[in-house]
Amino acid sequence: MSELKIFDGSNVRAKWNEDEDQWWFVVQDVIEFLTDSSKPRNYWYDLKRRVLESEGVELSAICRQLKFKAPNGKVYKYESANNEGLFRIIQSVPIPGTKH
């Protein structure tokens, strides 16, 4: 198992995929972690739209729908990204105080 787990100790849900030898992270959780957004699901939707319009890149294409337990205890599918995909998504998150 990889020793690198970027968000260790946070509320970012992650799964280790033994076959692929990599972590998969819930993108919505990462967005919340990075932006302190009260509506990370909406933020993620807007970010995907903005990047598609400005760069022609579909961020969902680098994600997989994986099952994770929700705060209510039920299991749902969430858009998830591995380290490489996550770094690409993080690059798209605007830095506070910059114009986008």
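The values are calculated or read from the model by the stated rules, or taken from the named source; none is laboratory data. Here the structure is a predicted model, which is why all the values come from computation and not from measurement. In this analysis, Cβ positions are derived from the backbone assuming ideal geometry, glycine residues included, and neighbour counts consider all displayed protein chains. Note: accessible area is taken over every heavy atom of the protein model, side chains too, but ligands, DNA and RNA are not part of it. Shrake-Rupley method; radii C 1.70, N 1.55, O 1.52, S 1.80 Å.
Before moving on, here are some points about what is shown:
- Angle of helix 83-92 to the longest C-alpha principal axis of the chain, folded into 0 to 90 degrees and rounded to 10: 20°.
- Among Lys15, Lys39, Lys48: highest mean-square fluctuation, GNM of the chain, C-alpha pairs under 10 Å: Lys39
- Projecting label points 7 angstrom from Cα along Cα→Cβ for Tyr45 and Glu18 puts them 3.7 nm apart.
- Helical content alone sets the calculated 222 nm signal of the chain at -11000 deg cm²/dmol, taking -39,500 (n - 2.57) per DSSP H segment of four or more residues and averaging over every residue.
- Accessible surface for the range 18-100, divided over its residues, is 67 Å² per residue with a 1.4 Å probe.
- Using only alpha carbons, the chain has a radius of gyration to Kirkwood radius ratio (Rg to Rh) of 0.96.
- C-alpha long axis of helix 40-55 to longest principal axis of the chain, angle in °: 60 degrees
- Within the accessible area of the chain (1.4 Å probe), percent carbon and sulfur: 48 percent
- Of the residues Gly73, Gly85, Gly56, the one that moves most in a GNM of the chain with alpha-carbon contacts below 10 Å is Gly73.
- For a straight C-alpha distance cut-off of 14 angstrom, the aspartates and glutamates reachable from Lys15 (same-chain residues fewer than eight places away being disregarded) are Glu3, Asp29, Glu79.
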